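Participant: Structure in structure tokens, see below.
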Amino acid sequence: MTGKTHFIMGVATGALMIRHGFVDANIMIPLVSGIGAYFPDIDKDGTTINNFLHMKKIYYVVVGMILLYFNRDAGTMILAAALIWIGLTKHRGITHSFFALVFVMAITYPYTDLDKALISGYASHLLGDSLTERSLELLYPLSSWKPIFRFNSSFIEAVAFVMSIGAIAGLDRIAAVLNLIGAY
Ligand SMILES: [Zn+2]
């Protein structure tokens with residue numbers, strides 16, 4: 001999926017979380033969830049997030065090694081290992097796995113609303129990619145199993161885009177109201 005679709009899906013996730021009361025209403029929520037949705041693609045050169053950060057995969061390895069050089073406490077070692085792994089792994093590898101999501105959840109605990117936005121944005125990226133033809137290995141590196149719901153990539157890209165715009169515009173609420181009054 002393109003960075004643009006991931007961003008709009010992330011924004012939609014934030015909007016839905018506000019509307020369903022998981023977080024307080026705040027303009028930062030959809031913004032942070034939209035940005036969070038860019039993050040898994042730090043595992044590929046030339047993606048929106050890496051262009052924005054002026055990063056290449058090899059730089060993550062270098063940053064990880066510099067961190068290790070200056071500091072060897074447990075937190076730094078875990079972060080450095082993660083950065084080095086990101087730099088060396090394939091695209092849609094570790095950053096697109098369930099374990100990366102758990103890692104993000106672990107380092108943001110205890111959760112503020114913005115943390116929840118970041119986590120849900122990250123998760124929305126994994127959901128988006130998992131629906132494409134190429135899909136992703138959710139349990140990487142333990143298993144190469146891929147979710148089975150795969151669609152033509154340009155088709156699912158368009159569907160995800162339109163549904164996200166709908167969610168941001170509050171069409172899910174309209175649907176709920178129609179449901180309430182028995183319209184369908
Ligand atoms: Zn991706």
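Participant: Just to verify a number: FRET efficiency for GLU133 and LYS56, C-beta to C-beta distance, R0 = 35 Å, to 0.05?
Facilitator: For GLU133 and LYS56, the calculated efficiency is 0.85.
Participant: If the chain between MET77 and ASP45 were fully stretched, how many nm would it gain, using 0.36 nm times the residue separation less the Cα-Cα distance?
Facilitator: Roughly 9.1 nm would be gained on extension.
Participant: Now for a different question. Cβ neighbours within 10 Å, averaged per peptide: list 59-67, 7-15, 94-102, 73-81 in order, most packed at the top.
Facilitator: Per-residue Cβ counts within 10 Å, averaged per peptide and sorted highest first, yield 7-15, 94-102, 59-67, 73-81.
Participant: Over every pair of different alpha-carbon atoms in the chain, take the mean of 1/r and invert it; report that Kirkwood radius in Å.
Facilitator: 17.4
Participant: Within the set of other residues whose C-beta is less than 9 Å from the C-beta of HIS96, count the net charge using Lys and Arg as +1 and Asp and Glu as -1.
Facilitator: -3
Participant: May I ask for the angle, rounded to the nearest 10°, between helix 98-108 and the longest principal axis of the chain, with both axes built from Cα atoms and the value confined to 0 to 90°?
Facilitator: Approximately 80 degrees, to the nearest ten.
Participant: Moving on. Please go through the range 86-184 and write out the trypsin sites (Lys or Arg not before Pro) that DSSP classes as loop and that have at most 15 other C-beta atoms within 10 Å.
Facilitator: Loop-located and lightly packed - LYS90, ARG134, ARG150.
Participant: Once you keep just the Cα pairs under 8 angstrom separated by 6 or more residues, what percentage relative contact order results for the chain?
Facilitator: Answer for the chain is 27 percent.
Participant: Next up: Per residue of the chain, what 222 nm ellipticity follows from adding -39500 (n - 2.57) for every DSSP H run with n ≥ 4, rounded to the nearest 500?
Facilitator: Rounded to the nearest 500, it is -20000 deg cm²/dmol.
Participant: While we're here: In the neighborhood of SER120, defined by Cβ-to-Cβ distances under 14 Å, what is the net charge if each Lys or Arg adds +1 and each Asp or Glu adds -1?
Facilitator: My count for the surroundings of SER120 gives 0.
Participant: Through the Karplus equation 6.51 cos²θ - 1.76 cosθ + 1.60, θ set to phi - 60°, convert the phi angles of the range 60-74 into ³J(HN,Hα) values in whole Hz; use x for Gly and Pro.
Facilitator: 5, 5, 4, 4, x, 5, 5, 4, 5, 5, 8, 8, 10, 6, 4
Participant: Less than 24 Å apart at the alpha-carbon level, and either on another chain or at least 8 residues along: which lysines does that give for LYS44?
Facilitator: Of all the lysines, those that pass the test against LYS44 - Cα under 24 Å, at least 8 places apart if same chain - are LYS4, LYS56, LYS57, LYS90, LYS146.
Participant: Report the calculated FRET efficiency for MET65 and SER154 (r = Cβ-Cβ distance, R0 = 41 Å), to the nearest 0.05.
Facilitator: After rounding to 0.05, the efficiency reads 0.55.
Participant: Still on this structure, I have one more. Subtracting the Cα-Cα distance from 0.36 nm times the residue separation, let me have the gained length for ILE165 to LEU178 in nm, one decimal.
Facilitator: So the chain would gain 2.8 nm between ILE165 and LEU178.
Any read-out appearing in this document is the output of simple, stated calculations on the displayed coordinates, not a laboratory observation. Since this is a predicted model, take the numbers as computed values, not measurements. Methodologically, a virtual Cβ is constructed for each residue, glycine included, from the backbone with ideal geometry; neighbour enumeration extends over all protein chains shown.
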